[in-house]
Amino acid sequence: MRETAESRDLATVGSRRRSRRIDPAIARISPRGRAVIIGVTGGIGAGKSTVCAVFEKAGARVIDADSTGHEVLRDPIVIRNLTDVFGREILDADGQIARRELGKRAFASDKNREKLNAIVWQPLRQLLLDKIYAALDREPTRPVVVDAALLVERGDPKKIVDVLVVVTAPEALRIQRTMTRLGISRAEVMARLSAQLPEEDKVSVADFVVVNDKTPAVCRQRARAIWNKLQCEER
């Protein structure tokens, strides 16, 4: 049964039995002795970074899919494929991808978004797996957290992570947070929201849910409750 970290009962946070259909590249690393791999996902502006910061402070290594995606966008092959589809107008003066311009074009329609994902997802997934592999190879007993907005959208997340934590928040809060953080318009935020699965779909496959509908301090408290539960299960 999925558990929700809410203020009503932080002491009883639990989890469903975790699947181990992990990617073979990761399974090769001491499959019975390695640390847990935790996926943190949720809609844009939900508060994934706040939850990941709690896990990192507690000792986990955090791998950020967003910054990893920026690395992918610097790959010459990816740049060429993207400009073939979206035009050279997505390049900046240095010949690199101008992410905001790419976002405007990619999120203009479902068809364009799928074209973007078809180009970017596989190299991004491979780079994430490489980083997870390297982290566990260096420190097999240190938990790894993968902060990724599209873990559920792009297939079975349990092929990458052991445990899935979904962060949710009211849509109005998510819109305001994203406009402030990225400096983009409400229309641009709505286009990105429409590209993601509804929160209820993500919650339906979660092992844990953090409801981020109050202050950052409350969100951190709820995240710590999940971390403590996971550490108890790993012992």
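Points to keep in mind about this one:
- For region 186-196, the condition holds for at least one residue, the condition being that it is part of a loop (DSSP other than H, G, I, E, B) and either out of contact with any helix residue (DSSP H, G or I) (no Cβ under 6 Å at 6 or more places or on another chain) or under 30 Å from residue 105 (Cβ atoms) (or both).
- Selection status of residue 90, of a type in the set (Val, Ile, Thr) and over 20 Å from residue 51 (Cα atoms): yes
- Selection status of residue 69, small (Gly, Ala, Ser), surrounded by fewer than 18 Cβ atoms within 10 Å (Cβ to Cβ) and under 20 Å from residue 195 (Cβ atoms): no
- Per this entry, residue 26 is counted among residues that are part of a helix (DSSP H, G or I), out of contact with any strand residue (DSSP E or B) (no Cβ under 6 Å at 6 or more places or on another chain) and modelled with pLDDT under 95.
- Exclusive hit being surrounded by fewer than 16 Cβ atoms within 10 Å (Cβ to Cβ), on the phi < 0 side of the Ramachandran plot and among the aliphatic types (A, V, I, L, M), set 118, 135: 118
- Here residue 164 does not fit the description of being in contact with an Asp or Glu (Cβ under 9 Å, 6 or more places away or on another chain) and either surrounded by fewer than 17 Cβ atoms within 10 Å (Cβ to Cβ) or part of a helix (DSSP H, G or I) (or both).
- Residue count, region 59-81 (criterion: under 29 Å from residue 171 (Cβ atoms) and in contact (Cβ under 8 Å) with a residue 24 or more places away in the chain): 11
Here is a yes/no grid of residues against (1) among the small types (Gly, Ala, Ser); (2) on the phi > 0 side of the Ramachandran plot; (3) at pLDDT below 95:
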site	(1), (2), (3)
183	yes, yes, yes
189	no, no, yes
213	no, no, yes
221	no, no, no
230	no, no, yes
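- Residue that is over 18 Å from the mean Cα position of the chain (by Cα), at pLDDT 95 or above and loosely packed, with under 14 Cβ neighbours inside 10 Å, where the choices are 172, 217: 217
The values are calculated or read from the model by the stated rules, or taken from the named source; none is laboratory data. For clarity, every value in this text was computed on a predicted model and none was experimentally measured. With ideal geometry, Cβ positions are generated from the backbone for all residues, glycine too; neighbour counts draw on all protein chains shown.
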